[in-house]
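Okay, so here's the structure we're looking at.
The values are calculated or read from the model by the stated rules, or taken from the named source; none is laboratory data. What you see is a predicted model; the values in this text were computed from it and never measured. In this analysis, Cβ positions are derived from the backbone assuming ideal geometry, glycine residues included, and neighbour counts consider all displayed protein chains.
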2 protein chains.
Amino acid sequence: MPPVSPLAPERFPDLPPIAGVRAAAKACGVRYTTGRLDVALIELAPHSSVAGVFTRSLTASAPVDWCRAALAKTGGHGRAILVNAGNANAFTGKRGQETASAEVQATARALDCGAHDVLLASTGVIGEPMPAERITGHLDALAGDLAPGGWEPVARAIMTTDTFPKGATATARIDGTTVTLAGIAKGSGMIQPDMATMLAFAFTDADIAPEALRTVLREVNERTFNCITVDGDTSTSDTLLLAATGRAGNAAVTDPDDPRLADFRRALEAVMTDLAQQVVRDGEGAQKFVTIRVRGAASDPAAKRIGLAIGNSPLVKTAIAGADANWGRIVMAVGKAGERADRDRLSVAIGGTEIARDGEAVPDYDEAPVAAHMRGREIAIEVDVGVGDGRATVWTCDLTHGYIDINADYRS
Amino acid sequence: MPPVSPLAPERFPDLPPIAGVRAAAKACGVRYTTGRLDVALIELAPHSSVAGVFTRSLTASAPVDWCRAALAKTGGHGRAILVNAGNANAFTGKRGQETASAEVQATARALDCGAHDVLLASTGVIGEPMPAERITGHLDALAGDLAPGGWEPVARAIMTTDTFPKGATATARIDGTTVTLAGIAKGSGMIQPDMATMLAFAFTDADIAPEALRTVLREVNERTFNCITVDGDTSTSDTLLLAATGRAGNAAVTDPDDPRLADFRRALEAVMTDLAQQVVRDGEGAQKFVTIRVRGAASDPAAKRIGLAIGNSPLVKTAIAGADANWGRIVMAVGKAGERADRDRLSVAIGGTEIARDGEAVPDYDEAPVAAHMRGREIAIEVDVGVGDGRATVWTCDLTHGYIDINADYRS
């Protein structure tokens, strides 16, 4: 086991129970024989709304296929989420679908709900047959263990190469009623979500109808999970689910543009930003957390693509690992991003010090604070590409020997 | 200095002199103080045709800007190529243009030709002012040293993190006349050419008019340098120049579709494929050479994009470094490439053994030959994505600790 990331938060946050949500985790030996937790069951109160965003990969896993179909069938409702680590049930053909079906049936029996009320997520090795019976055989026990709160073991059960469990919480006011949000996520390689990160689950007791929940989730996802990258690789299994149990007692919100959702949006963005950043902080081999702010682009999406080009450049990421303020590589990445940029108006700042302006190095800039900044854990890069008003923030980590160690060995 | 790549050819090939081409190399201390060769001057006979392809980067270097302008002005002719390593003269603003201009003027004086007959290429650190006088002060000496042949020191003078000099040669028949080609190239990081690799120069004594030369060069470039990747990063300085001196005595060819060019096309593709593969074989930290053949794609360009998605995936590249036949990661890369692929018809073969077919693992395939293949130096991956007739071949290398070592230190 690699040591805990030096960028990890000091401890798992105090996540409150969410009214209408119960959870349990168990060591089922899906792949690991060390007794580590690897299956989580989460139960949602009747009538809960569920919204999901999933990988855009064309080689999506069987659980992703299932979730899409189930949410379409129920119109955005759900009663349970079953998650396992160790095997992604991806690229497993017809057998993979049968396995997913067996998991759903067993869960529906254990919780006395409909099959399409059960959502699935799997993470781990791709292309190996999924041993369904190792999960289905434990469902009655998991159902018996269901309890409110208890997020940390659930967050642990979904980890693969993660070195710490990830959780976040916030509260919001809807129409005078306080609603609570809690979320968990896992990383930590194959991370450049093209809808959501590998696996993230968020819960709230707010009463928000499916269509409104879906719209808010997609919108916030674009600015949070879709703005992180560890290695530019997009998982077959990316799944982000947001469940709203409606137990807080607010008057139900059905319109995504309802102004009463403003504070909920803010709180959801806070939770999802926190989780997304924790995924980056646990990026495989990460030693430094990098915030890339791009402005002056032709549009916000253009700014994001430039930010991701910088955040995915192996040369930029290794320079950061080496504490080298190598802004020439940042310029290179801007140049290859395929978005409009004016070379002769480009400026770059590192750690708040402008080191390039109008297309060339700032003569005699003070290197001392930049060098000190580069030696730290938190790196800030700002780029103005000089053509418009588009802006975006992207988060990534450095590329270190640790990434090679993990991935030249681990079969994921 | 890192040791020579284990994938290097046994020795620099015997490159013949090209009639109408003379060259010289010198240690000018542009950046290196170790006395290593770092400037090369190549003289072309009067009336030589010159074709070039350059980086598509929006942050192109001053020499790239100059070459584009010069070739436009002369209509595809040239008398000299001046190349240096150690400083790319990229992102150097107005001073960079003045430096390029000073180099051109000094060369034109030394060789008694027009300024626009001089082509420039620079490679090395980005964003540092280029010390022009370290080059211009040596031009008379370089001009005095010009001699036919002598390719190896010239190939050495353009190296940066390269561990071996790269050359290739071939002959072709045009209309009964034998023409000869010789080329040199350098890598070896920031390599996913988006027109040409960082620097490559090819020469022939054939008589081919500029327009025809340009067309053939672009066409062959698409299948050679534009099919390699080391790290997915595109240089600000990518430059590929092909000069034809017309000294072989063939009747001049002016039409790119002239059937008399067929054998020349073949020979040029052989030289450029050889050079492009040598660039990959000297990829930073490379321990394995990887050939990725994609078929069944919607089109040839789609196949190439899928091949590059596989060849750029850090997870695929680290798996290869670890000798792990991790085809799940290959499937993941196909899924994220953004091109059409049929998950349930996808097949993957490694080292000639089919290990996945129709969207799932081949049951009980023989792992022994695959494991043996993965331990070798030359890795062959074949993918059929099951939707059409498009095909492409892409070459890359593995991602190792060596890449991190080189790039967390070297400021390029």
The residue from B:VAL279, B:VAL348 that alone is part of a helix (DSSP H, G or I) and of a type in the set (Val, Ile, Thr) is B:VAL279
Counting just the residues of the stretch A:78-104 that are more than 14 Å from every other protein chain (Cβ to nearest Cβ), out of contact with any Asp or Glu (no Cβ under 7 Å at 6 or more places or on another chain) and in contact (Cβ under 8 Å) with a residue 40 or more places away in the chain, which one comes out farthest from A:ILE42 (Cα to Cα)? A:VAL83
When you go through B:ARG345, B:ARG391 one by one, which is the residue that is of a type in the set (Lys, Arg), at pLDDT 95 or above, out of contact with any Cys (no Cβ under 8 Å at 6 or more places or on another chain) and farther than 30 Å from A:MET332 by Cβ? B:ARG391
Candidate set from the stretch A:43-55 (those that are touching a helix residue (DSSP H, G or I) at 6+ places or on another chain (Cβ under 8 Å) and not acidic (Asp, Glu)); member that is nearest to the other protein chains (Cβ to nearest Cβ): A:THR55
Taking the condition of being farther than 16 Å from B:CYS397 by Cα, hydrophobic (A, V, I, L, M, F, W, C) and touching an Asp or Glu at 6+ places or on another chain (Cβ under 8 Å), how many residues in the stretch B:307-364 meet it? 6
Residue within the stretch A:362-377 that is in a loop (DSSP other than H, G, I, E, B), at the interface with chain B (Cβ under 10 Å from one of its Cβ atoms), out of contact with any strand residue (DSSP E or B) (no Cβ under 6 Å at 6 or more places or on another chain) and modelled with pLDDT under 95 present: yes
Read through the list (1) buried (at least 24 other Cβ atoms within 10 Å of the Cβ); (2) more than 20 Å from A:MET332 (Cα to Cα), then give the number of the only condition that B:ALA147 fails. (1)
Please specify each residue of the stretch B:316-325 satisfying the condition of being within 8 Å of chain A (Cβ to nearest Cβ) and surrounded by 24 or more Cβ atoms within 10 Å (Cβ to Cβ). B:THR318, B:ALA319
Across (1) at pLDDT 90 or above; (2) in a loop (DSSP other than H, G, I, E, B); (3) surrounded by fewer than 22 Cβ atoms within 10 Å (Cβ to Cβ), A:GLU354 clears everything bar (2)
Quick check: is even one residue across the stretch B:190-209 in a helix (DSSP H, G or I), in the same structural domain as B:LEU120 (by TED's automatic domain parsing) and touching a Phe, Trp or Tyr at 6+ places or on another chain (Cβ under 8 Å)? no
Any idea how many residues of the stretch A:29-45 are in a loop (DSSP other than H, G, I, E, B) and under 14 Å from A:THR123 (Cβ atoms)? 6
Assigned to a helix (DSSP H, G or I), closer than 28 Å to A:ASP405 by Cβ and more than 7 Å from chain A (Cβ to nearest Cβ), is that true of B:ILE330? yes
Which one is nearest to B:TYR32 (Cα to Cα) among residues in the stretch B:86-120 that are at pLDDT below 95 and hydrophobic (A, V, I, L, M, F, W, C)? B:ALA88
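Among the residues of the stretch B:382-410 satisfying the criterion of being among the β-branched types (Val, Ile, Thr) and assigned to a loop (DSSP other than H, G, I, E, B), which is surrounded by the fewest Cβ atoms within 10 Å (Cβ to Cβ)? If you could, list the steps in order and put the result at the bottom.
Step one: filter the stretch B:382-410 for residues among the β-branched types (Val, Ile, Thr), giving B:383, B:385, B:387, B:393-394, B:396, B:400, B:404, B:406.
If we keep only those that are assigned to a loop (DSSP other than H, G, I, E, B) too, we end up with B:385, B:387, B:400.
Working: B:VAL385: 27, B:VAL387: 18, B:THR400: 23.
Only one residue tops the list, namely B:VAL387.
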Contacts under 9 angstrom Cβ, first residue in the stretch A:212-231 being within 14 Å of chain B (Cβ to nearest Cβ) and closer than 16 Å to A:ASP282 by Cβ, partner of a type in the set (Phe, Trp, Tyr) and in a helix (DSSP H, G or I), 6 or more apart: A:VAL230/A:TYR403; A:ASP231/A:TYR403
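State yes or no: is B:PHE203 in contact (Cβ under 8 Å) with a residue 24 or more places away in the chain and under 15 Å from B:GLN277 (Cα atoms)? So that I can check it myself, show each step before the final result.
Numbers: in contact (Cβ under 8 Å) with a residue 24 or more places away in the chain: yes; under 15 Å from B:GLN277 (Cα atoms): no.
It is false that B:PHE203 is in contact (Cβ under 8 Å) with a residue 24 or more places away in the chain and under 15 Å from B:GLN277 (Cα atoms).
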In the same structural domain as B:LYS166 (by TED's automatic domain parsing), assigned to a loop (DSSP other than H, G, I, E, B) and surrounded by fewer than 24 Cβ atoms within 10 Å (Cβ to Cβ): does that describe B:GLY232? yes
Mind checking whether some residue in the stretch A:243-255 is modelled with pLDDT of 90 or more and under 25 Å from A:GLY124 (Cβ atoms)? yes
